[in-house]
Structures are given as structure tokens and as C-alpha cells.
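Report on the following structure.
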Amino acid sequence: METADVVIVGGGIAGLVAARELAEEGRSIVVLEAGERLGGRTWTDRRLGRDLEMGGTWMHWTQPHSWAEVTRYGLEVTRGPRAEETYWLAGDEVRRGNLEDFMGLIDPGMTRLLEETRTWIPRPDDPLAVEGLERVDELNIQQALDALDLSEDERNANEAAWVGHFNGPLDQCGFVSALRWTAAAAGSWHLMHEASAIYRLKHGTGGLVASIAEDSGADIRTSARVSRIEHDDDGAVLTYGEGRQIRAGHVIVTLPQNVIGQLPVEPPLDERKTLPSEEKTGSQGVKAWIRVKGPIKPFFAYSSQHHPLSVVRTEYLGEDDAVLVAFGADAGRIDVNDVEQVTEALRTWRDDLEVLETTGHDWMSDELAQETWLIQRPGQFTRYHAAQQRPEGRLHFASGDHANIWAGFIDGAIESGMRAAREIAGPVR
Ligand SMILES: Cc1cc2nc3c(=O)[nH]c(=O)nc-3n(C[C@H](O)[C@H](O)[C@H](O)COP(=O)(O)OP(=O)(O)OC[C@H]3O[C@@H](n4cnc5c(N)ncnc54)[C@H](O)[C@@H]3O)c2cc1C
């Protein structure tokens, strides 16, 4: 049977970073990726005449692992145009102003909602450190917002901002995720907002993925879906592809929270790793790219979690067209490839936009992802986080989903890939 020192299940960013870190130590590394491409939930694809990010996009210098990669590979960072107009809803009424007006409206709510951030998460790199966090973790973010007793305008606006961040119905998303994001941004909600949604790689995440893969020198196999892992004290045998087998001294499993429970492992994994797959994540939404006829002024628009598209903004401006990026809380409620449905969704704010083309990837129906960016349900963080990270014999686990600092982000994927590699190889000397 073929052998390797380490076999990595999944060629997303966590898996590729782990491969690079271990290959530097001179081990034989094989990456088995089920899909036909690398990058997992990051995917730069040519659509609507531009290179668009179907998945993970924005990153920031407050994200230490992402920024180290930006520096390492000399990647250029850019941003979309600044919004000149902002739309939001107060009940069914459309309000219009500039982005500062909207930010001013949500500021008191955001400040109160997040005022205990540093009490509960003083160290985002050690997010379970404070005793009693499980009580806070029972709250969903809708309950936390309702407790503020905001005016209707403020409540609508704050809910809209959070549904943009959390990509799911607010009563299914844990409040602790809001605290963790804000803790990672040193307690500032403004910085958290900037870190999660403004700056992106000029040449796409595809360039980053290719750089890490090439740098790793690992034996990377695509269309190599792992269907079974049997492990013992000495290593593991993985079955993949059309029944091929490989023996590994160590394995790193990088599957998303909603997927890992579906992989047969013998002896079985700690159920705190597999139960979250059954319970599912709180995030369950969509991301759409929409080309509209131009010229238009760049704009930002927020509706609510009950609308098919909750957040829309201009990301690229052409001379006679513009490309908008949009998010909705429920992938089942809109087909982002259907021009009519998308046009109808945009009418929430404006009926003057002519939609030329629209596209997106349905991550919720993609069996290799089954989620977008991770937002856990109430209780999942304190119940499962430590167990999700913990090695089991020769099996190790990496995923942006259970990173410490920026869980659910590209940064978290890099952090977790580094950690799993160091568990196997020990500290770099
Ligand atoms: C729509 C969307 C928007 C996002 N926006 C942002 C953003 O703006 N900024 C940000 O930082 N993050 C964002 N994210 C999150 C970010 O993309 C992810 O957190 C990160 O890419 C996760 O990397 P990973 O390697 O942990 O997991 P993944 O990328 O999911 O990698 C897991 C890999 O395992 C493979 N796989 C699955 N099953 C098997 C199997 N049985 N055998 C072998 N391989 C298998 C998958 O194909 C995949 O390649 C977004 C994600 C989505 C989907």
C-alpha cells in the first residue's frame, strides 16, 4: 500500500497551509482534495466579465495570519468604491442617506450590544478563558438585540447590519460570535466592520491559494474524495477516489463543521466533533454577484433578515455597468442565478436598476462545503470548540471553523492549518 508521513484531507486554505508548514520539515505530504479545484470555500472564478470571489473575499491587517501571507507573497490589496448613497428600511419605508448616517444610526445599539466584549473575551486567542461564558453562549443575537429595547428605526438598522455579518436568521446565530469578532478587533465594532468587509486581494484569493500550494511542494491530488478513515496508535489508512488506499503516519482532517460528521471514521470521532454537523451552523445564506447597467453611483443598501437579499453594495464600477455584491440570510429563499428573482429582490430599495446578469455559488447545496462562513448556533461554541480542535491519536484537525481568533474567516483557516502542522512537527527551531 502507498504510504506518506502525513495525509491531509481537504485542499482548502487550512489544508494547504498545513501542507506547506509540514513540507518545510522534509516530510512526505499528500493532500487529498475531493473537488476538481483547490481553495475550498475561497474560489476566484471568471464570471460577469470579471474575476469574482464566489466565497471568502475580505481580509485585513488586524487578521494576523492573513496579513502574514499578504506580506510573504507580496500580494496587493484593494477595495471597492466608497458608497455615495445608502438605503435602509424603517418598517416598509425606504430611508436614504450616506453611509455615515447609517453608521451613526447603528452606533448606540452596537456600542451597548458589545460593551461587555472584553469582559467575556479578554483574549481572543484564548476564547474560552472566562468562566461562565456558556451562559452568554445560550443567547442568540436576536435576543441580545431585543434586550436593548431600541427604537424601531435603530432596531431595524442594527438587525440589518448583523444579518449582513452573520448570513443567517438572527435567532439561530449565537451572540458569542458577535463578541468574538469584536474581541478580535480590539473591542471596536467599527474596526470589526472594516476588518470583515472592505479590503480584498487585487488578484483574488486564487492567487493566494496557488502561491501556498506551489510553495508547499506537496503531492496534491484533486478529485480524490476521502470516503473512510481507519486509525490506530501507529497511523491511519484512508480510502479515497475509486477505492484507492493510502497509509499515513498522521492525518489532518480539514472538513467544515457541517461536513465532518458525514465522514466514516473508525474508531469513531468524539461526538463533540460530529454532533455540530447534525445540528448545522447558524449561517445558511447566499452571496450573489449582480451586473447592472451603468453608470450608477456606488451605493450600499440594507433591508432585513426577512428579505431575500439583506445587504447589497457596489463592488466594481465600470463605465457602462457596475457589479454589486449581495447577501441573503437563507439560501432557500432566492436563486441568485435567476435575473428575475434578483431584480425583484433589489426592488426592495430601488426600481431604477437594470439587472443584466447575475451569478453565485450555492454553498449550502455544495456537498463539500454545506455552509458559507461559520456562525455557530447558540451553545455550540462553548460545547464543542475545544473538542473540535483536539487531536485523536494520529488524527489532527484544522478548519477555519474552529480557529481561536478569527473563526469563520480566511485568517482562521490559516491559524488552524499552522496549529495542526505544529502539533505534528513541534515548534519551528
Ligand atoms: C460565500 C462566502 C463568503 C465568505 N466571505 C469571507 C470573507 O469575506 N472573508 C473571510 O476571511 N472569510 C470569508 N469566508 C470564509 C472563508 O472562505 C472560510 O472560512 C475559509 O476559506 C475556510 O477554509 P478551510 O480550509 O478551513 O475550509 P474549506 O475551504 O471548506 O476547505 C475544506 C476542503 O475540504 C474539501 N473536502 C470536503 N470533503 C472532502 C472529502 N471527503 N475528502 C477530501 N476533501 C474534502 C473541500 O472540497 C474543501 O476544499 C466566506 C465563505 C463563503 C462561503
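Worth a mention:
- Within the listed set PRO378, PRO298, PRO264, the Gaussian network model of the chain (springs between alpha-carbon atoms below 10 Å) gives the highest mean-square fluctuation for PRO264.
- Cβ crowding within 10 Å, taken as a proxy for footprinting-reagent exposure, orders THR372, THR86 from fewest neighbours to most as THR86, THR372.
- Distance between the C-alpha centres of the range 23-43 and the range 274-313: 29 Å, rounded to the whole angstrom.
- One Cα centroid belongs to the range 61-99, the other to the range 333-389; the line between them spans 18 Å.
- Dipole of the range 100-196, positive direction: furthest Cα of LEU114, HIS165, PRO127, with charges on the beta-carbon: PRO127
- 0 to 90° range, to nearest 10: angle between helix 175-184 axis and the chain longest Cα axis: 80
- Cβ crowding within 10 Å ranks TYR87, TYR384 as TYR87, TYR384, fewest other Cβ atoms first.
- Taken as Cα centroids, the range 140-183 and the range 106-130 sit 13 Å apart, rounded to the nearest whole angstrom.
- log10 of Debye I(q)/I(0), alpha-carbon scatterers only, for the chain at 0.06, 0.09 Å⁻¹: -0.24, -0.55
- Backbone amide hydrogens, once placed in the peptide plane, bring THR3 within less than 5 Å of ARG247, excluding anything fewer than 5 places away on its chain.
- Per-residue HN-Hα couplings for the range 137-145 [Karplus 6.51, -1.76, 1.60; θ = phi - 60°; Hz; x = Gly/Pro]: 5, 6, 7, 8, 6, 5, 4, 5, 6
- For the range 100-196, the spherically averaged projection of the C-alpha convex hull amounts to 5.8 nm².
- Candidates GLY400, GLY15, GLY206, ranked by Gaussian network fluctuation over the chain, Cα under 10 Å, top entry: GLY206
- Helical contribution to [θ] at 222 nm, DSSP H n ≥ 4, -39,500 (n - 2.57), averaged over the chain, rounded to 500: -9500 deg cm²/dmol
- Antiparallel bridges, percent of DSSP beta bridges restricted to the chain (to nearest 5): 65
No lab work stands behind these numbers, since they all come straight from the coordinates. All figures in this text were calculated on a predicted structure; none of them were measured in a lab. Note that each Cβ is placed from the backbone with ideal geometry, even for glycine, and that neighbours are counted across all protein chains shown.
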